[in-house]
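I'd like to ask you about the structure that follows.
Just so it is clear, none of the values below were taken in a lab; they were calculated from the coordinates. Computed from a predicted structure; not experimentally measured. Don't worry about glycine lacking a Cβ; one is built from the backbone with ideal geometry, like all the others, and counts go over all protein chains shown.
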Amino acid sequence: MSKEIEAIQDPGLPAHKLRQTDVDPKAADRAERQVAILFGLSALSTVLFIYSYLFISTDTFVFIPLMGEQNAHQLFLGLGLALALLFIGLGAVHWAKTLMPDHEVIAQRHEFRSPDSDREEFVKTAKEGAAAAGLGRRSLIKRSLGLSLGLVGLSPILLLGDLGPLPGDDLKKTGWKAGSRLVTDPGDRPIRPEDLEVGAVAQTLPELAPGKDHRSLNDIAKDAVLLIRLRPEDFNLDDERLSWTYQGIIAFSKICSHMGCAVALYEQSTKHLLCPCHQSTFDVTRAAKVIFGPAARPLPQLAITVDEEGYLVAQAPFNEPVGPSFWGRSA
Amino acid sequence: MKRLSRYRRHRAAAPLLLIFALLGIGTTFQVAGATTTSPMTAEERTAAIEEGKEIFLRGCSSCHGLNAEGGPIAPSLIGVGAASVDFQVATGRMPMADMSQQAMRKAPVYTDEEVAALAAYVASLAPGPEIPTEEMLNYERDGELAEGGELFRTNCAMCHNFAGQGGALTQGKYAPSVMGVKPVHIYEAMITGPQAMPVFSDKTLTPKEKLSIIKWIKHAEKEPQLGGVALGRVGPVTEGLLVWTLGLGLLIGIAVWLATKAK
């Protein structure tokens with residue numbers, strides 16, 4: 001090893017190479033024509049754009065290989081504008097590369113710090129301006145300006161209030177109450193156990209409260225429940241969970257316990273429920289136990305039974321919050 | 001022919017042949033598959049059941065058992081109904097081509113009459129869902145498009161994709177595309193729940209609502225491509241892939257061209 005580290009020498013500029021267009025006037029003329037053709041193509045594309053806007057009706061379809069039936073109006077509008085811009089760019093670059101001067105030039109940067117004389121001059125001007133405006137003398141203006149600027153500065157803090165209010169127990173409650181009928185979504189028809197054959201599913205919501213004629217999307221997003229009918233002997237549940245089912249009909253919240261997607265891909269053959277977002281897989285026969293994927297908890301099960309008129313109803317509200325984990329959720 | 005054979009070693013020959021072959025298969029798929037169900041008299045029905053039993057013994061019994069009681073590799077067919085048979089056999093799913101995860105739609109092996117006979121035989125074993133009649137399937141008259149869309153999004157879209165293009169399930173199973181499926185087969189699938197699909201009972205999804213869904217599907221098939229190339233209508237995956245490969249590739253090409261000096 002040598003004792004001193006040698007500084008890398010400035011290699012300088014490589015020797016300037018003349019382009020063909022620099023030495024051959026014919027090549028230069030050819031390059032000029034090429035640039036002109038590119039700009040001309042751009043102009044033609046703009047004409048195509050104008051033509052499609054004015055004269056191609058919006059319901060004309062043309063067959064384009066590999067793309068299928070395409071709406072001619074949209075297609076040529078887009079193509080026209082895209083090609084018009086592309087050819088301007090191609091022409092400009094080709095022009096710059098072949099015909100514009102390409103001599104390397106060194107331009108030294110100036111120092112970032114202004115000369116001392118300029119800096120002194122600036123301070124002097126600022127002081128003189130302030131004195132002339134009477135800031136030092138007219139303290140009323142100074143203070144009121146300070147007040148107004150200060151208040152304006154504080155006002156965004158007020159808007160932070162819109163981050164709230166805190167959800168309270170909204171995340172822990174759903175629209176399901178003891179005795180809520182399960183109704184079809186959409187359709188709002190109550191369901192009898194005998195309406196579902198083995199292997200059937202139904203998308204359900206709690207019945208509308210009397211006097212209401214629609215649901216908010218926020219409510220649907222929490223209340224959606226999937227009803228599935230299996231053979232009772234297929235269940236592998238403890239006694240409590242088995243008492244939450246009715247003649248082989250089991251109900252789960254459709255809201256994934258991972259990220260809140262709607263879990264409704266029910267495979268009748270395997271009795272698995274699959275979440276389409278992250279492939280969490282739940283085993284319906286074991287109270288929606290997670291058997292694959294990122295979900296940490298089973299889907300909440302809704303306890304169901306029938307009312308005196310024979311319609312399926314909830315025995316009780318969900319015994320745990322539905323949907324993904326949130327801060328402060330117990331277990 | 002000689003002229004053509006000169007090109008057989010051409011670079012494009014193999015891909016072109018492949019394209020023609022695929023087109024040929026595709027066309028066969030399209031052409032094969034046109035059944036009409038007509039009501040039968042009692043004698044015709046008896047004859048059909050006899051014929052169906054013949055066909056069953058020859059083509060189905062090795063897996064489904066001599067009396068359709070099922071076996072270690074195939075389920076019992078007692079009580080599955082005529083609708084199930086019509087769906088599985090007329091769409092070519094049965095007989096299965098191989099013992100893979102899922103029977104797929106292909107050119108049907110049996111003719112319409114043979115399918116009808118098989119259906120009559122299986123229906124004679126035990127009652128089950130029947131094949132819906134033409135009159136029941138007048139979806140243009142009885143269905144409602146907007147309602148069909150809403151029902152499709154709630155009941156079908158999670159597996160069959162929001163545009164009905166199909167999608168993946170677990171362990172190699174998949175929900176097939178519902179494009180180009182005959183209304184009668186869509187209806188039968190909903191009432192019988194073939195393979196991994198659950199049943200959609202007539203009470204929770206009324207016959208009228210089923211027709212609305214069919215109407216929406218048939219409408220979606222004819223949906224013009226207003227947004228340019230549909231890319232399989234599967235959403236951001238293919239669109240992203242195209243931008244990342246073709247779009248970025250083009251940009252890289254332009255960047256390389258910008259940086260090269262003119263000779």
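Which residue fluctuates most in the GNM of chain A (Cα springs below 10 Å): A:316, A:36, A:224?
Comparing A:316, A:36, A:224 in a Gaussian network model of chain A, the most mobile one is A:36.
Going by how many other beta carbons lie within 10 Å of each one, how would you line up B:159, A:275, fewest first?
B:159, A:275
I've got another one for you. Return the long-range amide H neighbours of residue A:265 (sequence gap of 5 or more, or a different chain), with a cut-off of under 5 Å between placed amide H atoms.
Hits under the 5 Å cutoff: A:274.
Each residue of the stretch A:279-294 in turn: what ³J(HN,Hα) in whole Hz from Karplus with 6.51, -1.76, 1.60 and θ = phi - 60°, glycine and Pro shown as x?
Computed from phi, the couplings for the stretch A:279-294 are 6, 5, 10, 10, 8, 5, 6, 10, 6, 6, 4, 6, 10, 6, x, x Hz.
Moving on to the next point. Looking only at other chains, what is the average number of their beta-carbon atoms within 10 angstrom of each beta-carbon in A:180-188?
Partner Cβ neighbours, averaged per residue: 3.
What percent do you get for the relative contact order of chain A when only Cα pairs under 8 Å and 6+ apart count?
The normalised contact order for chain A reaches 12 percent.
May I ask for the equivalent-ellipsoid semi-axes of chain B, computed as the square root of five times each C-alpha gyration tensor eigenvalue and listed largest first in whole Å?
Semi-axes from the Cα gyration tensor: 42, 26, 18 Å.
Let me ask another. Please say if the protein assembly as shown is rounded, prolate or oblate, where rounded means a/c under 1.5 for a ≥ b ≥ c the square roots of the C-alpha gyration tensor eigenvalues, and otherwise the choice is prolate for a/b larger than b/c and oblate otherwise?
Numbers: a/c = 2.58, a/b = 1.46, b/c = 1.77.
Note, shape of the protein assembly as shown comes out oblate.
Would you please give the residues with an amide H less than 5 Å from that of residue B:169, counting only those at least 5 places away or on a separate chain, with H modeled from the backbone geometry?
Residues meeting the criterion, in which the H sits 1.01 Å from N, are B:174, B:175.
On average, how many beta carbons from a partner chain sit within 10 Å of the beta carbon of a residue in B:202-215?
Rounded to a whole number, the mean comes out at 3.
On average, how much area does the Cα convex hull of chain A cover when viewed from any direction, in nm²?
Result: 43.1 nm².
Another question, then. For chain B, what does the helix formula give at 222 nm: sum of -39500 (n - 2.57) over DSSP H segments with n ≥ 4, over the residue count, nearest 500 deg cm²/dmol?
Details: 13 runs with 132 residues, N = 263.
The helix contribution divided over chain B gives -15000 deg cm²/dmol.
Let me ask something additional. Go through the stretch B:99-107 residue by residue and turn each phi into a ³J(HN,Hα) via Karplus (6.51, -1.76, 1.60, θ = phi - 60°); whole Hz please, and just put x for glycine and proline.
8, 8, 4, 8, 6, 10, 5, 7, 4
If I require 30 Å or longer along the helix axis, counting alpha carbons, and a Kyte-Doolittle average no lower than -0.5, what helices from chain A are left? Use full DSSP H segments.
Qualifying helices, which must be both long enough and hydrophobic enough, are A:25-55, A:72-98, A:139-159.
Still on this structure: Does the stretch B:42-125 classify as rounded, prolate or oblate by the C-alpha gyration tensor (a ≥ b ≥ c root eigenvalues; a/c under 1.5 gives rounded; else a/b over b/c gives prolate, otherwise oblate)? The partial results should precede the final answer.
Working: a/c = 1.93, a/b = 1.34, b/c = 1.44.
Cα axes put the stretch B:42-125 in the oblate bin.
Any idea which of A:249, B:60, B:148 is furthest toward the positive side of the dipole for the protein assembly as shown, if Lys and Arg beta-carbons carry +1 and Asp and Glu beta-carbons -1?
Looking along the dipole axis, the top candidate is B:148.
Right, another one. Placing +1 on the Cβ of each Lys and Arg and -1 on the Cβ of each Asp and Glu in chain B, which of B:225, B:136, B:165 has its Cα farthest towards the positive end of the resulting dipole?
B:225
Of the peptides B:98-106, A:136-144, how do they stack up when ordered by the mean number of other Cβ atoms within 10 Å, highest first?
B:98-106, A:136-144
Any idea what the dipole of chain A comes to, in debye rounded to 20, about its Cα centre with Lys/Arg Cβ at +1 and Asp/Glu Cβ at -1?
1060
Let me ask something else about it. Kindly provide log₁₀ I(q)/I(0) values, in the same order as q = 0.09, 0.11, 0.12 Å⁻¹, from the Debye equation applied to equal alpha-carbon scatterers of the stretch A:48-189.
After summing over all Cα pairs, the log10 values are -0.98, -0.92, -0.89.
Along the charge dipole of the protein assembly as shown, which of A:298, A:311, B:200 sits closest to the positive end, that is, farthest toward it, with unit charges on the beta carbon of Lys, Arg, Asp and Glu (+1, +1, -1, -1)?
A:298
Here is a follow-up. Starting from the amide H of residue A:313, placed 1.01 Å from N in the peptide plane, find each other amide H under 5 Å away whose residue is 5 or more places distant or on another chain.
Answer set, sorted by chain and number: A:182, A:305, A:306, A:307.
Can you give the mean number of other chain Cβ atoms that lie within 10 Å of the Cβ atoms in peptide A:190-201?
Across A:190-201, the average partner-chain Cβ count within 10 Å equals 5.
What's the magnitude of the charge dipole for the stretch B:42-125 around its Cα centre, counting Lys and Arg as +1 and Asp and Glu as -1 at the beta-carbon? Answer in Debye, nearest 20.
380
Modelling each spin label as a point 7 Å along the Cα-to-Cβ direction, I'd like the residue A:138/residue A:237 distance in nm, to one decimal.
Between residue A:138 and residue A:237, the simple spin-label model gives 8.1 nm.
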